[in-house]
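Got a structure for you, questions after.
The values are calculated or read from the model by the stated rules, or taken from the named source; none is laboratory data. Fair warning: this is a prediction, and the values are worked out from it, not measured in the lab. Note that each Cβ is placed from the backbone with ideal geometry, even for glycine, and that neighbours are counted across all protein chains shown. The accessibility values were calculated without ligands, DNA or RNA, using every heavy atom of the protein model including side chains. Shrake-Rupley method; radii C 1.70, N 1.55, O 1.52, S 1.80 Å.
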Amino acid sequence: MNTFLNWMERQERIGNNPLRKVVRVDIRGQQKRRRAFTDEEFNRLLAVAGERKIVYQAAAFTGLRVGELQQLIWGDMKLDDPRPHILVRAATAKNRREAIVPLHPQLLAELKVAKPTNVADTQPVFSHLSNADRQIRRDLDAAGIQRIDTMGRKLDFHCLRYTFATKLARSGISMRLAQELMRHSDPRLTANIYTDTSCLPTFEAVSGLEWQSGAPVAIEGGKEPYSHSQLDSQKADFRGQNQAQMVANGTDGEFLLNPPHDGDCAVLAGPGAIENWRRGRDSNPRYLSAHLISSQARSTTLPPLRFAASSEGEGPQT
């Protein structure tokens, strides 16, 4: 109503929109949510669909919207192309952009069987698709499928598009490719709205993880097994060449790199090497083997690592 009255105002048919200051009702979380068909439900739907079976298959394996399906003509069906596809014309697409929709091999076979002999390219493909939501409600009732599940999610014709997105996710298709096939401008729409996570193999994913029992790891040749140097160097009890602890050297805000534990390895950077580098005497700090943390860095466990300028004003201030 607000949109209509704003239009009336722009057309100078009314002076002012009387609903301009009316606060909208927040219905987020109260709308009827959609879900994808399970494989078992989809098979039951196809079993009672009759001539609409090909329509449901096309929707579930291409992701085409009902309006796009209704406007398909046989000239859009590139069934004999080396790479069979449906050409979605810009005039019929929701986003007004032409698109190429690949055809599943089995859907291609079904469409070739359904195509009438000597049919004109301008003839509609799905001429019997008039009121899609009413038709699918009847077929859902005939198949004994509940339109509203226990979570309050509904099934309608547009849910076949949800089914397509969910099939892509279950097949391991990357999100970028799924977004392209769904013709979404935002991948979050593909992932968060159209992919039904209740149909994803979540239990199988957890069951397939490699189990770890905490058994001791055999050390070959007295050496520790391979470890991640970046992560292990952050551990307080890690004893290896990559470790370099920071301790205050007595000046305000200045930190030096301590030698590692005795017996582990040679000193990586002693106070003398750092002092020379700090005062600019050594432009190639070959002994300094550590990341310098910016003074803007923040840490919950360590203060920023920085080197204060010397009293003579020499050396870098980092």
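Give the range 118-134 a look and list any residue that's more than 17 Å from L160 (Cα to Cα), in a loop (DSSP other than H, G, I, E, B) and touching a residue at least 24 places away in the same chain (Cβ under 8 Å), or say none.
V119, A120, D121, T122, Q123, V125, H128
Take the residues of the range 135-149 that are acidic (D, E) and not in a loop (DSSP other than H, G, I, E, B): which is surrounded by the fewest Cβ atoms within 10 Å (Cβ to Cβ)? Even if it seems obvious, please write down each step before you answer.
Narrowing the range 135-149 to residues acidic (D, E): 139, 141, 149.
This time we only want the ones that are not in a loop (DSSP other than H, G, I, E, B), so: 139, 141.
On the way: D139: 21, D141: 12.
Checking each candidate, the answer is D141.
Of the residues E68, E98, E40, E110, which is within 26 Å of the chain's Cα centre (by Cα), open to solvent by 50 Å² or more (accessible area, probe 1.4 Å) and not aliphatic (A, V, I, L, M)?
Result of the check over E68, E98, E40, E110: E98.
Can G63 be described as on the phi > 0 side of the Ramachandran plot and either in contact with a Ser or Thr (Cβ under 7 Å, 6 or more places away or on another chain) or surrounded by 11 or more Cβ atoms within 10 Å (Cβ to Cβ) (or both)?
yes
Still on this structure, I have one more. Restricting to the range 151-177, count the residues that are part of a helix (DSSP H, G or I) and touching a residue at least 12 places away in the same chain (Cβ under 8 Å).
Summing the residues that are part of a helix (DSSP H, G or I) and touching a residue at least 12 places away in the same chain (Cβ under 8 Å) in the range 151-177 gives 13.
For every residue, the table says whether it meets (1) of a type in the set (G, A, S); (2) more than 18 Å from Y194 (Cβ to Cβ); (3) crowded, with 18+ Cβ neighbours inside 10 Å; (4) under 27 Å from the mean Cα position of the chain (by Cα).
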site: T3; (1), (2), (3), (4): no, yes, no, no
site: W7; (1), (2), (3), (4): no, yes, no, no
site: R10; (1), (2), (3), (4): no, yes, no, no
site: V25; (1), (2), (3), (4): no, yes, no, no
site: A36; (1), (2), (3), (4): yes, no, yes, yes
site: G50; (1), (2), (3), (4): yes, yes, no, no
site: V55; (1), (2), (3), (4): no, yes, yes, no
site: W74; (1), (2), (3), (4): no, yes, no, no
site: K78; (1), (2), (3), (4): no, yes, no, no
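For the list (1) over 21 Å from L189 (Cα atoms); (2) of a type in the set (A, V, I, L, M); (3) open to solvent by less than 30 Å² (accessible area, probe 1.4 Å), I need the number of the one condition that A91 fails.
Condition (3) is where A91 drops out.
State all residues of the range 178-218 that are exposed (fewer than 10 other Cβ atoms within 10 Å of the Cβ), aliphatic (A, V, I, L, M) and not in a helix (DSSP H, G or I); if no residue qualifies, say none.
Those that are exposed (fewer than 10 other Cβ atoms within 10 Å of the Cβ), aliphatic (A, V, I, L, M) and not in a helix (DSSP H, G or I): L209, A215, V217, A218.
Would a scan of the range 26-49 turn up a residue that is out of contact with any Lys or Arg (no Cβ under 9 Å at 6 or more places or on another chain), farther than 18 Å from T163 by Cβ and hydrophobic (A, V, I, L, M, F, W, C)?
Yes, the range 26-49 contains a residue that is out of contact with any Lys or Arg (no Cβ under 9 Å at 6 or more places or on another chain), farther than 18 Å from T163 by Cβ and hydrophobic (A, V, I, L, M, F, W, C).
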